[in-house]
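Heads up: the structure comes next, in structure tokens.
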Amino acid sequence: MKKFVDALGDACPIPVVKTKNAISEMEGEGTVETLVDNEVAVKNLTKLANQLGFAVHAEKNAENQFSVTIEVRGNGAEKEADVPAECPAVPEGRTKNIVVAVTAPVMGSGNDDLGAVLIKGFLYALTQQDVLPRTILFYNGGAAFTTEGSASIEDLKNLEALGVEILTCGTCLNYYGLQDKLQVGGVTNMYEIVEKLVGADLIIRP
């Protein structure tokens, strides 16, 4: 069996996610060929194949176009580990109460256009994790992510459907004139925000 994955134009980590899903859908042995448009994606896919114990070959087809072929074989690490399709239970000792605090419309500092791409990719990547956060808090500039016009609404709805609590600061919604545009999750206050942060085992601020 051979599967093709078109990840041209996809931002990180989408090429890896698409390829990982294609491998999971394989019935028996075969190959998964993924098309990407940058060398970073090639390196990430090569790392994925190495982690799974599969042979991998990459080549440049044209300017800004690469193909990465992963040989899915029965002796790969994924096959030996017999990875279940569903999310595994959280092992004892692993952080259980993860809280993500999104406080700005961008991720990191430097270039805001790049930061906007990064934070969108970050929220999408959360939907693909084996261990999901318990709560995602949106406040200050981050409040816009849960409101009308946000490019991340579907990802957040998917997370909510998986049991992740989505909370947006009510004062922030009012300040930015977004109080009537909430599309996902509930409204919270500073007392609850502090309560969630204090009670967390791990706080992630992208």
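A short reminder: the numbers here are calculations on the coordinates, not readings from a lab. Given the structure is predicted, the values throughout are model-derived calculations rather than measurements. Cβ: placed from backbone, ideal geometry, glycine included. Neighbour counts: every protein chain shown.
Which value does Rg/Rh take for segment 98-204 over its C-alpha atoms, Rh per Kirkwood? Ratio of gyration radius to Kirkwood radius for segment 98-204: 0.93. 3J(HN,Hα) along segment 107-123: 10, x, 10, x, 10, 5, 5, 5, x, 5, 5, 5, 5, 5, x, 5, 5 Hz, from the Karplus curve 6.51 cos²θ - 1.76 cosθ + 1.60 with θ = phi - 60°, whole Hz, x for Gly and Pro. Taking 15 Å as the straight-line reach from the Cα of residue 2, the aspartates and glutamates in range (excluding those fewer than 8 positions away in the same chain) are 25, 27, 29, 33, 71. Pairs of Cα atoms nearer than 8 Å and 6+ residues apart set the relative contact order; for segment 131-204 it is 34 percent. Note on the chain: along the principal axes its Cα atoms extend 53, 44, 26 Å, ordered by decreasing extent. Relative to the longest principal axis of the Cα atoms of the chain, the long axis of helix 39-52 lies at roughly 70 degrees. Among 205, 73, the order by Cβ neighbours within 10 angstrom, fewest to most, reads 205, 73. In terms of packing, defined here as the mean over residues of other Cβ atoms within 10 angstrom, the peptides 116-127, 4-15 line up highest first as 116-127, 4-15. Estimated at 0.36 nm per residue, the fully extended path between residue 64 and residue 11 surpasses their Cα-Cα distance by 17.7 nm. Under the definition of Cα pairs under 8 Å and six or more residues apart, what whole-number percent is the relative contact order of the chain? The normalised contact order for the chain reaches 17 percent. Would you mind checking the pairs 20/47; 120/196; 18/47 and listing those with alpha carbons more than 18 angstrom apart? Cα-Cα > 18 Å for 120/196; rest within. The H on the amide N of residue 147, modeled in the peptide plane, is under 5 Å from the matching H of 183, each at least 5 residues off or on a different chain.
Full extension of the chain between residue 130 and residue 162 yields a length gain of 10.4 nm, computed as 0.36 nm times the residue separation minus the alpha carbon distance. The magnitude of the dipole of segment 119-166, with charges of +1 and -1 set on the Cβ of Lys/Arg and Asp/Glu and taken from the Cα centre, is near 100 debye.
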